[in-house]
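What follows draws every value from the coordinates through simple rules; no lab data is involved. The model shown is predicted, which means the values in this text are computed figures rather than measured ones. Positions of Cβ are generated from backbone atoms using ideal geometry, with glycine treated the same way; all protein chains shown enter the neighbour counts.
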Amino acid sequence: MAAPITTDAWLAFEDGWLAPYAMPSRASRGRKHTEPEHEYRSLYQRDRERIVHCTAFRRMTGKTQVLVASVNDHHRTRLTHTLEVTQLARTVARRLRLNEDLAEAIALAHDIGHPPFGHAGEDALDECLKPFGGFDHNLFGLRRVDELEERYPQFPGLNLSFEVREAFVQHSSRRDAPECSEFRTAGAPLLEAQIADIVDSIAYDTHDTDDALGLGFITLDELRRVEFWARATERVRVHTPGLSEGPMRVAVIRELLAWQVTDLLAETANRLASAGVKSVDDVRSARLPLVGFGPEVRKLKAELERFLRERVYKHHRVLRMTANGKRILESLFAEYVRAPALLPEKHLRRWTGADAIAGPPPLGWVTAARTRLDCLERVVGDYLAGMTDRFAQLEYRRLFLPSIEL
């Protein structure tokens, strides 16, 4: 019987397999807290598994992608979206001979900081926290894996590698935030991070279209006027004629995915060759993105995304859900800030420290706590951002609907 492969053997395999511009595990900048190497798992493999086993990852099953997670059992949630992005990232990374484990870890973590109720929830928290630096789901994701996850007695958070943590910052629009300072000299994003970022758009363009059809927000007649859909439909008719409406819809979604991935691979390979990229240093110093689509697919995707914005994301049912989600989070934020004793003890202690929290605080306790630990508003924002859609709605009912339930 063959012996299990060791970490050293895996690193040797990477040396022989990975393209010269891929990020090898042995070249990582490592972890904030030093740990011994694992016997049979590489650095990025351990990152991937730590993400999958953490609380925030599991909660994504109850968080909105476009529609509140309880609408039905078929449309995508934040978790199923993440799994689709991860599958695409793994495929592209493998075909370009990049570090598949790193690309997979980044993709698995890329939405881990999203609050409940999708982008409406992020807008609500950003407004509530504006005097305290605002809210950005990427930077909250970084704080989640660096500080808020409680998995190990030796250190806070998940102690992920620099390269996975960096991807949160590279994807953020607020790189001037204090928590970004560690990553400002890293250079351009690694190819593995660029892949995870761009296949995100492949996933949501196709599955938002699929979900909108399934829920009756849009019709096939409307989609036939969108060039990307129309041309993908013609491709399906050529290689699989005679499909009825249901199987045709599934086949066209599959065709759109395959078309975009094929174009992405070809265009990225062309950019790498044209730019003469031969090392990770070349990737870091590149002035323009090296992973991307060709001009034709960029144009087709832009039209489809305009259609989705107008017909799906602004659909009255979606707007009604997002308005209610914002109202719930804004009300919860105001109430917890007004009466912090309503917070669960674990979260309240982030503000108060280890002081006894039973009964009213002594004089001067609030001021001392604010200067010593996280401000109350930030603690409340973090608590709300970690909620699922369902739990946020339950908390709202507990606090604002007449009841004596615990």
Notebook entry, point to check: For the stretch 250-331, what is the convex hull (Cα atoms) projected area averaged across all directions, in square nanometres?
Noted result: 8.9 nm²
Next item on the list: Before rounding to the nearest 500, sum -39500 (n - 2.57) across all DSSP H runs of length at least 4 in the chain and divide by the residue total; then give [θ] at 222 nm in deg cm²/dmol.
Entry: -18000 deg cm²/dmol
Margin query: Filter Lys130/Lys314; Lys278/Lys301; Lys326/Lys346 down to the pairs with a C-alpha to C-alpha distance above 28 Å, please.
Written below: Lys278/Lys301
Check: Where in the stretch 208-301 are there trypsin sites (Lys or Arg not before Pro) that are in a DSSP coil and have at most 12 other Cβ atoms within 10 angstrom of their Cβ?
Finding: Arg224, Arg225, Lys278, Arg287
Check: What FRET efficiency do you get for Tyr40 and Leu288 if R0 is 41 Å and r is their Cβ-Cβ distance, rounded to the nearest 0.05?
Finding: 0.60
Notebook entry, point to check: When the Debye formula is applied to the Cα atoms of the chain, each taken as the same point scatterer, what base-10 log of I(q)/I(0) results at q = 0.06, 0.11 Å⁻¹?
Noted result: -0.28, -0.91
Next item on the list: For the stretch 195-284, report the convex hull volume of the alpha-carbon atoms normalised per residue, in Å³, without decimals.
Entry: 112 Å³
Next item on the list: Evaluate the distance, in nm, between pseudo-label points positioned 7 Å from the Cα of Leu394 and of Ser181 along their respective Cα→Cβ axes.
Entry: 4.0 nm
